[in-house]
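Enquirer: There's a structure below that I have some questions on.
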Amino acid sequence: MKTIITSIILLLSIPAWAFQSDWNKGSITLKSGDKIEAELVYKSRKELLQYKQGEIVRTLSPAEVKFFAFQDKDNGLERSFQSYSYRSKNREKISTFLEIVIDGEAKFLIKETFADVEIPAPKDLLRLQDNHYNYYDGFVILNYQLYPTVDFKKEILPALISSNAEIRDYVKQNRLNSKKYPDQLRIIDYYNSLFDSNYKFAIAGEK
């Protein structure tokens, strides 16, 4: 399976206003199956993706896009996003973009949110930029089901162990805390390696 190698430190250090004005070369896969190679800009606050071909600029919503990726020319990262649709409590269908941090048998994704005041959040998922607080909510997609990482210990970890019991030993031997974001990444990384002999670890130092 394809592994997207992302530097977590660089990813979390990218300013809040990034990708709202700078165009980057990238590709888009629409839900129709059509693929587009173009200059892209992702406006994360509005969850809008724009692309231009020549002088023509078009705007796409998460409901229209399956996947998009671009090469960040400032940070040297390839950033990849997929759309995900779910039902709200009142059964309204909502589509959103989630950024892929780890891709494999299980996916680890994040979603950036914005607030004008600080709210409780793990320090490694919080940054302050231009007097605005930016937070990352974590998610795991396993067996086509989306889990928020706040439920990692209660729901995600048991599902991983049920799929492969080696995960239990790995967590115990490495003294990992499944409530902590960095350890969650390591667990997902290791889990993916059990299903792909050519898997490239996304977390430096893992093997």
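Enquirer: Want the number for L194 to N177: 0.36 nm per residue separation, take away the alpha-carbon distance, what's left?
Expert: This chain segment gains 4.1 nm when fully extended.
Enquirer: Past 19 Å, Cα to Cα: identify those pairs from K43/K200; K46/K107; K31/K73; K52/K73; K25/K52, in the order given.
Expert: K43/K200; K46/K107; K31/K73
Enquirer: K93: which aspartates and glutamates have alpha carbons under 15 Å from its alpha carbon, excluding same-chain residues fewer than 8 sequence positions away?
Expert: Counting by Cα, and skipping residues close in sequence, K93 has these aspartates and glutamates nearby: E64.
Enquirer: Using 0.36 nm times the number of residues separating E166 and E92, minus their current alpha carbon distance, what extension gain do you get?
Expert: Contour length minus Cα-Cα distance gives 22.7 nm.
Every number here is computed from the coordinates shown, using simple stated rules; none is lab data. As the structure is a prediction and not an experimental result, all values here were calculated from the model.
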